[in-house]
Every structure is written in structure tokens, then in C-alpha cells.
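Here's the structure, in C-alpha cells; my notes come after.
The values are calculated or read from the model by the stated rules, or taken from the named source; none is laboratory data. As the structure is a computational prediction, the values presented were derived from the model and not from experiment. Don't worry about glycine lacking a Cβ; one is built from the backbone with ideal geometry, like all the others, and counts go over all protein chains shown. Surface areas here come from the heavy atoms of the whole protein model, side chains and all, with no ligands, DNA or RNA. Shrake-Rupley method; radii C 1.70, N 1.55, O 1.52, S 1.80 Å.
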Amino acid sequence: MYPVVVSDLDGTLLTKQHELSPRTREVIQHLSEKGIKFIFATGRHFQDVERIREQLGVDMYLITSNGARVHNPNGEMIVQHDINPGLVHSLLSLRKFYEDRVHSNVYQGEQWLVEVEHEDLHAFSKESGFTYHLADFDAVETAAIQKIFFVAKSHADLLPLSDRFRELYGEQLYMTYSLPECFEIMASGVCKGTALAEVLKLKGYGLQDAITFGDGMNDVEMLSSVGKGVVMGNADPSLVNSLPGFERIGHCDDHSVAEYLARLYAL
């Protein structure tokens, strides 16, 4: 039995409508009552995830911005990794070559910044109400930026941009896809797996003490480093190919993580 459960949110614990089902809420609360530690590990912003946690009424550590931030159950930030301020403007300048197909986003401190409003922006705010602010990326302050990410209608639209970033910046940054249509950039060495190791060590656990769930390439380090990693049935094919032989469960719309945990822990 694993004393720690760690789950991604979008495409994993949340439905495709970016909501927690009543069954999922129930199972997380039952696990907490049994003394099982539950951790959210997500690319989302802390302010977004904290509001979801508050609705659950469960104390937990929150790994957010793909590991660039970790907050303890009291809401105190205990891990902070920011993108090198000297790289920020050069990173954002590249958006201009792709802005006809790609929307740029920045997580800076407590804010989510965008340059242009578009139809997909509100989808991720349904559960928490956390929302964006308009900003001029040519004049944005460069301090305390935990994540820059780019969203497009298709993976094909993002490929030229992500290929260019990898060519120019290589090991200077950690780059990943959270969805085939969302390319994300953090400081070098930042990922959910590294952040999870830090949290587990604080609590006297090792990576072997955790079971994790995920669906995107930003979950690969976390899934592959723990006692058991479980892949969603709706996972990005690139993740499935990266983790051959890993157990797969059902679709996020069927609250498959909750049902799996209910069986595992006999809830």
C-alpha cells in the first residue's frame, strides 16, 4: 500500500470539462480520512489549484507550474524556481514569428498574463475561477516568472516553435508538452518528478512510497520515478510510447483515478 497518492489534474483527475466529479471528491476525502497523503502535481498556477483544494477541504502539498512552485498545506511557498530573468525577453520575442497560430501565456508571481483574449482562455477557469490579465509582453517585468507557455489549435501548429526553442536554448531550460497543443517552458531542472522528490523527503518518504497518475509528457519524470506510475487511457500517445509496459486505466471523464484508488484502498 502506498502512503502517498500524487495526481495530475487536467486530463487525469479532472474531466475533459476541467471539473472534479462528485465521485472524485468523495474518494479524495475518504483517502484523507484514512491518513493517505494526497498531492496535486500540475502545470496549473498555484492560485488556481489552491481554490480547488479549498473546495475539497483536504490538507495537501501542491506542486504547481510543473514543479516551479511547491506550497505546503498552510499555503506557504516552500519551493520557488524561476526562469532566468536574462532569458525572458529573448524567449518572448520568438512569439512574434508564430503569433498567427500560437497564443502566448506567462505565469508571473501570483498572476496569469496573456496578450490577446481568445475563446479557450475560460475553459481552465471553470473549477476555480482563477483568470488571466492582459499585458504587453514586450514590456513585461522579467522577475518571478515561473512558466512561459504556448497554446495552439493543433500540435502541428506548435512544432515549429518548440523545435526552434529546443535548438536555441537546449539545456538552459526545461521544455515539455503538457498537452499536444500546449508547449511549456520552465527553468532548467524543473519538473514534477524533482519537486515530488523534495516534498516526499520533507515528509520522511521516498519516491518508492508514492503512486502517481498522469496523461501528458510533463508527467513522464514523475510517473517513471515512483513506486508505481499509472497512465490514463486518454493519455498523449507520446507519453504511452515513452512508458511502455506501464499500467493504463480508463478515461478521465469516467473518474477512472477515483475508481482505481477506491479499489486499491478498499474504500
- Relative packing of 50-61, 98-109, 216-227, which averages over residues the other C-beta atoms within 10 Å, highest first: 216-227, 98-109, 50-61
- Calculate the spin-label point distance for Ser238 paired with Asp253, positioning each point 7 Å from the Cα along the beta-carbon direction, and give it in nanometres. 2.4 nm
- Message: Under 15 Å from a point placed 7 Å out from the Cα of Ala266 along the Cα-to-Cβ direction: which residues of region 1-22 have their backbone N that close?
- Response: 1-2
- Message: Can you give me the % of accessible surface on the chain that is carbon or sulfur? Probe 1.4 Å, all protein chains present, nothing else counted.
- Response: 49 percent
- When DSSP assigns beta bridges and you keep just the ones with both residues in the chain, what percent turn out antiparallel, to the nearest 5? 60 percent
- Message: Calculate log10 I(q)/I(0) of region 123-218 for q = 0.21, 0.24, 0.25 Å⁻¹, where I(q) comes from the Debye formula with a single equal point scatterer on each Cα and nothing for solvent.
- Response: -1.28, -1.33, -1.34
- Task: Assuming a ≥ b ≥ c are the square roots of the Cα gyration tensor eigenvalues, decide whether region 154-201 counts as rounded (a/c under 1.5), prolate (otherwise, with a/b larger than b/c) or oblate.
- Result: oblate
- Counting only protein heavy atoms and rolling a 1.4 Å probe, one gets per residue an accessible area for region 125-267 in Å² of 42 Å²
- Query: How long is the gain from Gln29 to Ser224 if the chain were fully straight, where each residue apart is worth 0.36 nm and the alpha carbon distance is subtracted?
  - Reply: 67.6 nm
- Taking only the alpha-carbon atoms of the chain, the convex hull volume per residue, in cubic angstrom, is 118 Å³
- Item | At R0 = 35 Å, FRET efficiency that the Cβ-Cβ distance of Glu141 and Leu202 yields, to 0.05 | 0.70
- Message: With a 10 Å cut-off between alpha carbons and a GNM built on the chain, which of Ala195, Ala156, Ala187 moves the most?
- Response: Ala156
- Item | 222 nm mean residue ellipticity, helices alone, for the chain (DSSP H n ≥ 4; -39,500 (n - 2.57); rounded to 500) | -8500 deg cm²/dmol
- Query: Which lysines have a Cα less than 21 Å from the Cα of Lys153, not counting those fewer than 8 places away in the same chain?
  - Reply: Lys16, Lys96, Lys126
- Item | Amide H contacts of Val230 (H built 1.01 Å from N, under 5 Å, at least 5 apart or other chain) | Thr212, Phe213, Gly214
- Starting from the Cα of Glu19, step 7 Å along the direction of its Cβ; do the same at Leu134; then give the gap between the two resulting points in nm. 3.0 nm
